[in-house]
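Participant: Mind looking over this structure? Questions follow.
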Amino acid sequence: MSPVRLTLIGKPGCHLCDDARLAVDEARRRLDAAGIAVAVEELDITRDAALAEAHAEHIPVVQIDGRRHAIWRVDPDRLVAAATKAARNPLRALRRR
């Protein structure tokens, strides 16, 4: 099974992004402890014009396998539950193509 991809889209100096980063880190630790592999990627809207255009007013954004999970505030409990569900979904591999 491939790891669940968690993507945090934000920018430096954003306090909500800092909070989201902590929530993603907590979720990653809990998922790892549950035996669910996780790959975390962080994207900075100040380094990508397309990301900035798409998300400038709605950061942070957290995605699970490329699908939006949360904006602005990230709850680690909800993130763990959603990532666990994604990891156990047998159709997940088909959607990632």
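Participant: Which of R67, R28, R47 moves the most in a Gaussian network model of the chain with Cα springs under 10 Å?
Facilitator: Judging by the Gaussian network model, the answer is R47.
Participant: If you line up the Cα atoms of the chain on their principal axes, what length do they span on each, largest first, in Å?
Facilitator: Per principal axis, max minus min of the Cα coordinates gives 35, 28, 17 Å.
Participant: Tell me the label-point distance for the pair T84, A37, using the 7 Å Cα-to-Cβ offset, in nm and rounded to one decimal.
Facilitator: A separation of 2.0 nm, rounded to one decimal place.
Participant: Through the Karplus equation 6.51 cos²θ - 1.76 cosθ + 1.60, θ set to phi - 60°, convert the phi angles of region 69-74 into ³J(HN,Hα) values in whole Hz; use x for Gly and Pro.
Facilitator: 9, 8, 10, 6, 10, 10
Participant: Follow-up. How large is ³J(HN,Hα) for each residue in region 24-35, as worked out from phi by the Karplus curve 6.51 cos²θ - 1.76 cosθ + 1.60 (θ = phi - 60°), to whole Hz, x for Gly and Pro?
Facilitator: 5, 4, 5, 4, 4, 4, 5, 5, 4, 5, 8, x
Participant: I need the GluC sites (Glu not before Pro) found in the chain, filtered to DSSP loop residues with at most 11 other beta carbons within 10 Å of theirs.
Facilitator: Values: sites: E26, E41, E42, E53, E57; in loops: E57.
Answer in residue order: E57.
Where a number appears in this text, it was derived from the coordinates with a stated rule and is not lab data. Fair warning: this is a prediction, and the values are worked out from it, not measured in the lab. Cβ atoms come from the backbone with ideal geometry, glycine included; neighbour counts cover every protein chain shown.
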